[in-house]
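Shown next, in structure tokens, is the structure this report addresses.
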Amino acid sequence: MTAGVLLVVLSGCAGGDDLADQYRSGNQQNYVAGNGAILEIVPDDREDPVEFSGQLDSGSEVSSSDYEGEVLVVNFWYASCPPCRAEAADLEAVNAAFADQGVSFLGVNVRDDQAAAVAFAKKFGVTYPSLLDQEGQVLLAFSGVVAPNAVPTTLVLDREFRVAARILGQIPDRSILEGLIDRVLAEQP
């Protein structure tokens with residue numbers, strides 16, 4: 001009887017979760033792709049500010065405080081991730097469109113070394129920096145707030161470094177990311 005109840009409970013936990021289904025499929029894609037789900041968080045419901053630091057692909061150090069007063073778009077990625085490659089041009093286009101509006105972009109490379117990250121940026125024309133996070137410290141900093149559960153994941157942080165929006169997986173269209181950024185920019189500082 002106990003085993004039957006346990007089986008029902010465990011099978012109930014497994015259903016309806018796209019990310020868990022991808023993992024269980026055993027397709028060996030070596031990443032869990034998001035489904036493009038978008039989460040927006042109104043200012044009153046946002047968690048505490050997220051603080052992080054680390055080394056950029058250029059070799060210099062960076063921390064969240066370097067972006068004080070700006071809206072920050074953080075994209076979790078790595079070079080051999082197919083949806084990361086597919087969205088690179090859109091992310092760069094949105095970065096360029098908002099460059100003079102108090103918005104910065106920062107990649108967080110979760111797997112690659114410096115050479116691979118730099119090669120990716122060169123190949124795909126990415127001009128914004130990427131923080132190297134092979135040990136997962138930046139990923140961990142966000143996990144208690146709004147977890148980047150898939151790669152890629154794009155987060156929009158407000159001027160106080162609170163997560164205002166998340167796109168889980170490849171950005172469906174650059175206009176969606178632009179809209180998320182516009183709404184955060186429109187908030188009173």
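The values are calculated or read from the model by the stated rules, or taken from the named source; none is laboratory data. In this text, all values refer to a predicted model and were calculated from it rather than measured experimentally. Quick reminder, even Gly has a Cβ in these numbers, built from the backbone with ideal geometry, and neighbours come from all protein chains shown. Heads up: the accessible areas ignore ligands, DNA and RNA and are worked out on the full protein's heavy atoms, side chains in. Shrake-Rupley method; radii C 1.70, N 1.55, O 1.52, S 1.80 Å.
Among residues other than ASN109 with Cβ under 12 Å from its Cβ, the summed charge is -4 (Lys and Arg +1, Asp and Glu -1).
Near the amide H of SER130, within less than 5 Å, lie the amide hydrogens of ASP57, SER58, GLY107, all on another chain or at least 5 residues away, with H placed in the peptide plane. Pairs of Cα atoms in region 67-116 fall into 5 Å distance bins, from 0 up to the last occupied one, in shares of 5, 19, 27, 21, 16, 10, 2 percent. Around the amide H of GLN170, modelled in the peptide plane, lie the amide H atoms of GLY34, GLY36, all under 5 Å away and 5 or more residues distant in sequence or on another chain. Projected label points at ASP173 and GLN114, each 7 Å from Cα along the beta carbon direction, are separated by 4.1 nanometres.
Rolling a 1.4 Å probe across the protein heavy atoms gives region 41-189 an accessible surface of 44 Å² per residue.
Less than 5 angstrom separates the built amide H of ALA164 from those of VAL156, LEU157, ASP158, all sequence-distant by 5 or more or on a different chain.
Overall, the accessible surface of region 31-87 at a probe of 1.4 angstrom is composed of carbon and sulfur to the extent of 43 percent.
Using a 1.4 Å probe on the protein chains only, how many percent of the accessible area of region 108-189 belongs to carbon and sulfur? In region 108-189, the share of accessible area belonging to carbon and sulfur is 50 percent.
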